[in-house]
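Trainee: Here it is: the structure, laid out below.
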Amino acid sequence: DGGFFKTTNGGTAWTDLSSNLAIAQQYRFSLSTSSANLILAGHQDNGTNRTTTASQTAWSEVGGGDGMDCFIDRTNNSRQISSVYYGDYARTLTGGTTFADINDPAGQGEWVSPIKQDPVDANIAYSAGRTALYKSSNIWATSVAWTTMGTPQGTGSIIELAIAPSNNQVIYCLKTGSGGVSKSTNGGTSFTSCANPTTGSSPTWVAVSNTDPNVVFVTYSGYSAANKVFKSTNGGTSWTNISTGLPNVPVNCVVYHNGAAGGDGI
């Protein structure tokens, strides 16, 4: 949670003894689509930090508290979003060293409340971490406004969402309760339940093919052997267990490799 330090003069000056240890814990991070050196990352108890160096050894803190989800505008590196716990979002429009708070969706969110940029319209962002999905159509405007969208099936709050890059009207959401996988085909206005890939474990992440909105992957936590990653090719109507070979530990994330041959690029 920040390293350890030594003083030899009663606290007047301190020496960092952990400066060469890679021990920061990241909740989420975002990569620039146009610069391999630009990374924004949310760190537990150590704020939101950014690097612009090829070595990725020099970081600057651009936000305090517990750094959570974040993203760099895929069309403009100067526009970036950061967040802290409970869905409190901040923003820079100039790539600056400080981020200013923006209007948040109504109500307190989850400890980690995801925020995602629309893959088609760079002015649109979706916020999770609440019971319903929220949408902003002016995320870079002077005053950010949010619209309450549909409520996905299941109990609790939305813990993760994915917007299909090839059709931004298709949005998948996860909740931890029963019926935790839901799908919208109208940009989040309404949701229908998908089949449950498995029971007894909570979903953790969802990823969609960049070319087919019906190809979707869901990961699961817990220690249910062989129930880790599932794939659907029909938009969640049915699932195939693709967990073979994975150890019996929680799986927290899955990433789709854009352009992968055969549609199995994870």
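Trainee: In a Gaussian network model over the chain where Cα atoms closer than 10 Å are linked, find which of 195, 100, 58 has the largest mean-square fluctuation.
Mentor: Between 195, 100, 58, it is 58 that shows the largest mean-square fluctuation.
Trainee: Within 10 Å, count the other beta carbons around each residue, average over each peptide in 63-72, 226-235, and list them highest first.
Mentor: Numbers: 63-72: 23.3, 226-235: 19.2.
Order by mean packing, descending: 63-72, 226-235.
Trainee: Do any chymotrypsin sites (Phe, Trp or Tyr not before Pro) in the stretch 1-56 lie in a loop, going by DSSP, with at most 16 other beta-carbon atoms within 10 Å of their beta carbon, and if so which?
Mentor: On the way: sites: 4, 5, 14, 27, 29; in loops: 4, 14.
Filter output for the stretch 1-56: 4, 14.
Trainee: In addition: Using modelled amide H (1.01 Å from N, peptide plane; none on Pro or chain starts), what sits under 5 Å from the amide H of residue 46, excluding residues fewer than 5 places away?
Mentor: Amide H neighbours of residue 46, under 5 Å, 5+ apart: 67.
Trainee: Further question: Hey, what's the Cα Rg ratio for the chain versus the globular rule of thumb, 2.2 N^0.38 Å?
Mentor: Rounded to two decimals, the normalised Rg is 1.06.
Trainee: Name the lysines eligible as straight-distance cross-link partners of residue 228: C-alpha to C-alpha under 22 Å, and not fewer than 8 places from it in the same chain.
Mentor: Output for residue 228: 175, 183.
Trainee: Something else: Which ³J(HN,Hα) values, rounded to whole Hz and listed in residue order, are derived for the stretch 11-18 from phi using the Karplus coefficients 6.51, -1.76 and 1.60 in 6.51 cos²θ - 1.76 cosθ + 1.60 with θ = phi - 60°, glycine and proline given as x?
Mentor: Computed from phi, the couplings for the stretch 11-18 are x, 5, 9, 10, 10, 6, 8, 10 Hz.
Trainee: Output needed: percent of Cα pairs per 5 Å distance bin for the stretch 77-166, bins running from 0 to the one holding the longest distance.
Mentor: Values per bin, smallest distances first: 3, 14, 25, 27, 18, 9, 3, 1.
Trainee: Taking the square root of 5 times each eigenvalue of the Cα gyration tensor, what semi-axes in Å does the equivalent ellipsoid of the stretch 1-118 have, largest first? Walk me through the numbers before you get to the answer.
Mentor: Numbers: eigenvalues 148, 66, 28 Å².
Equivalent-ellipsoid dimensions as semi-axes: 27, 18, 12 Å.
FYI, it's all coordinate maths here, none of it is from the lab. Source: prediction; values computed, not measured. Here the Cβ is made from the backbone with ideal geometry for all residues, glycine too, and neighbour counts use every protein chain on show.
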